[in-house]
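The values are calculated or read from the model by the stated rules, or taken from the named source; none is laboratory data. Computed from a predicted model, the values in this text were never measured in an experiment. Using ideal geometry, Cβ is built from the backbone for each residue, glycine included, and neighbour counts are taken over all protein chains shown. Note: accessible area is taken over every heavy atom of the protein model, side chains too, but ligands, DNA and RNA are not part of it. Shrake-Rupley method; radii C 1.70, N 1.55, O 1.52, S 1.80 Å.
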Amino acid sequence: MLEIARWQFGITTVYHFLMVPLTIGLGLLVAVMHTMWVRTGRAEWLRMTRFWGRIYLINFVLGVATGLVQEFQFGLAWSAYSRFVGDVFGSVLALEALLAFFLESTFLGLWIFGWGRIPKKLHLATLWAAVIGSIISAYFIIAANSWMQHPVGVVLDTSSGEPRARQVDFFAVMTNNTALAAFSHAIVASLMVAGGLLVGVGLWHLRKRALADRPRDEVDHQVWRRSVRVGGYVSLAAFALVALTGDWQGKLMYQQQPLKMSSAEALCETEAPASFSLFAFSKLGSNECDDVHSITIPYILSFLAHSDFSSPVPGVNELQEQYADTYGATYPDDPSYGDKAGEPIDYTPVLAVTYWGFRLMIGMGAVSAGVAAYALWATRRGRVPTSRIGVYGSLAAVGAPFVGNAAGWIFTEMGRQPFVVYPNPDVPVSEQVYFFTAQAVSPGISAAEVWTSLITLGVLYGALAVIELGLITRFVRKGVTDGDTTPTPGVGTGAAPDDAPRADDDASDDVLQFAH
């Protein structure tokens, strides 16, 4: 039952998270494009705003639809977990819904329907308000998740006979150093996702128009050239910032969850200095750490953990013994632990997942940066790339940062097992607040019920994926339209004649029809 429930939550969460980075990153870039149009009045910035704005809206709608399921799962399959964390999550997620989500959804609606109806600068402000709302929303959610990784501002309350985390310092929860590091990492990773999309689609359209036997529309050409250049610079800058924020996260991870770091390197025995593993082979999948062999670079892991090249990094075997001594070698023989009651506790995460997830995250980021560098080089000094391999390779590489984001999320979540709320090593063991995943599943729920919801949600999400990809592909192939060449009538005055055409209405109608 436990494993089925974990698969259910994992599948739906990763699916939803594929849309989150694009919503955040593309929203920021569309807001910048709209700002550039308001400041310069140049037609290509208006076309870019409308084209990329449509992609942003489609993704936003799907993100909302799939995100709603997450909160329901807390009460259905994970009610024991919800009772334990409810005092913390209740305040954080309530603020996310009441403040951030309503901010972004309300002002996004004003932006969609405000073309030609409200003054130009006020219309721009509605988009920035929606984008800022999505970023605030992301922070609340990351703060909640980071509390699970590093619980602060709480005490363990057993007065009701059932343990729960009672919040005593909301400010500590919201300023958790784990949350600050994870949030900064997620935002720049989102910009990498958006930048990669601009590069891939922009190069494809540039090549398509270069090979077409018709006069070149200069404004249309500038739309795709600027998209490629903006996306390329954003991707490269984001990659550098991802590395910096990732280093910050890595050092915190060593302090707070050392077993996750050692598992990410398949480091079985303590080393001083510790080497970074390039490639590991043998029995990673069976979690038999002693049979793992690696090709390594000396000293690098010590630097990642300590910022020096000589300090020791503890191995998986040593840490497994430490955790068993501190938190118990077996689960308590209690019905609340289900099938795990009385069983030995393996504190080591699945090595194959943590090891390769960590490398997939880094590798996909490097692929995205490489494509961005190629795009900037191929479009230098007004050039238009026509290489089929380069352009179609860049289009295919649009998926790389999505994969990297998903791999990083899976690594973060699975690396803290067998805890769903990880103990905070900064406080004495007697005062630590933690919760095993085996305790978190709803009592009384059957495997058949969880299987039913997993299959139902899997089919539904699969259908939504086909719809989203179909809509995005349709708009990408269509490109910018003739109606996007000039500003919408009345947009400067805040009023438009009743019979004035609005070029953006077709996009709004498509999105609204899909939402209904």
Examine segment 377-390 for a residue that is at pLDDT 90 or above, in contact with a Phe, Trp or Tyr (Cβ under 9 Å, 6 or more places away or on another chain) and surrounded by 17 or more Cβ atoms within 10 Å (Cβ to Cβ), and state whether such a residue exists. yes
Going through segment 325-375 one residue at a time, which ones are assigned to a loop (DSSP other than H, G, I, E, B) and in contact with a Leu (Cβ under 9 Å, 6 or more places away or on another chain)? TYR347, THR348, PRO349, VAL350
Answer residue from segment 193-208, given it is farther than 12 Å from VAL371 by Cα and small (Gly, Ala, Ser) and is modelled with the lowest pLDDT among those: GLY202
Any hit, segment 151-173, residues being crowded, with 20+ Cβ neighbours inside 10 Å, part of a helix (DSSP H, G or I) and within 23 Å of the chain's Cα centre (by Cα): yes
Restricting segment 215-271 to residues that are open to solvent by 50 Å² or more (accessible area, probe 1.4 Å) and in contact with an Asp or Glu (Cβ under 7 Å, 6 or more places away or on another chain), the residue that is nearest to PRO21 (Cα to Cα): ARG226
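Could you tell me which residue of segment 127-138 is farthest from the chain's Cα centre (by Cα), considering only residues that are of a type outside the set (A, V, I, L, M) and buried (at least 21 other Cβ atoms within 10 Å of the Cβ)? Write out each step before concluding.
Applying the first criterion (of a type outside the set (A, V, I, L, M)) to segment 127-138 yields 128, 133-134, 137.
Then keep just the ones that are buried (at least 21 other Cβ atoms within 10 Å of the Cβ); that gives 133-134, 137.
Values: GLY133: 16, SER134: 13, SER137: 13 Å.
Step by step, filter segment 127-138, then rank; the result is GLY133.
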For segment 323-345, name all the residues that are within 19 Å of VAL429 (Cα to Cα) and of a type outside the set (Gly, Ala, Ser). TYR323, ASP325, THR326, TYR327, THR330, TYR331, PRO332, ILE345
Any pair with Cβ under 8 angstrom, 6 or more apart, that starts in segment 339-361 at a residue that is at positive phi and ends at one that is open to solvent by 30 Å² or more (accessible area, probe 1.4 Å): GLY342/THR330; GLY342/PRO332; GLY342/ASP333
Please enumerate the residues belonging to segment 438-480 that are closer than 30 Å to GLY342 by Cα and assigned to a helix (DSSP H, G or I). ALA438, GLN439, ALA440, ALA447, ALA448, GLU449, VAL450, TRP451, THR452, SER453, LEU454
Examine segment 160-172 for a residue that is under 25 Å from ASN59 (Cβ atoms) and free of Cβ contacts under 8 Å to residues at least 12 places away in the same chain, and state whether such a residue exists. no
Return yes when VAL292 is in contact with an Asp or Glu (Cβ under 8 Å, 6 or more places away or on another chain) and surrounded by 12 or more Cβ atoms within 10 Å (Cβ to Cβ) and no when it is not. no
I'd like to know if segment 117-126 contains one or more residues that are under 21 Å from the mean Cα position of the chain (by Cα), of a type in the set (A, V, I, L, M, F, W, C) and open to solvent by 10 Å² or more (accessible area, probe 1.4 Å). no
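Residues are listed down the side, and each one gets a yes or a no for (1) under 13 Å from LEU259 (Cβ atoms); (2) at pLDDT 90 or above; (3) surrounded by 14 or more Cβ atoms within 10 Å (Cβ to Cβ):
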| residue | (1), (2), (3) |
| --- | --- |
| ILE300 | no, no, yes |
| ASP308 | no, no, no |
| GLU318 | yes, yes, yes |
| THR330 | no, yes, no |
| GLY338 | no, no, yes |
Within segment 383-413, the count of residues that are of a type in the set (Gly, Ala, Ser), in contact (Cβ under 8 Å) with a residue 40 or more places away in the chain, within 18 Å of HIS205 (Cα to Cα) and in a helix (DSSP H, G or I) comes to 3
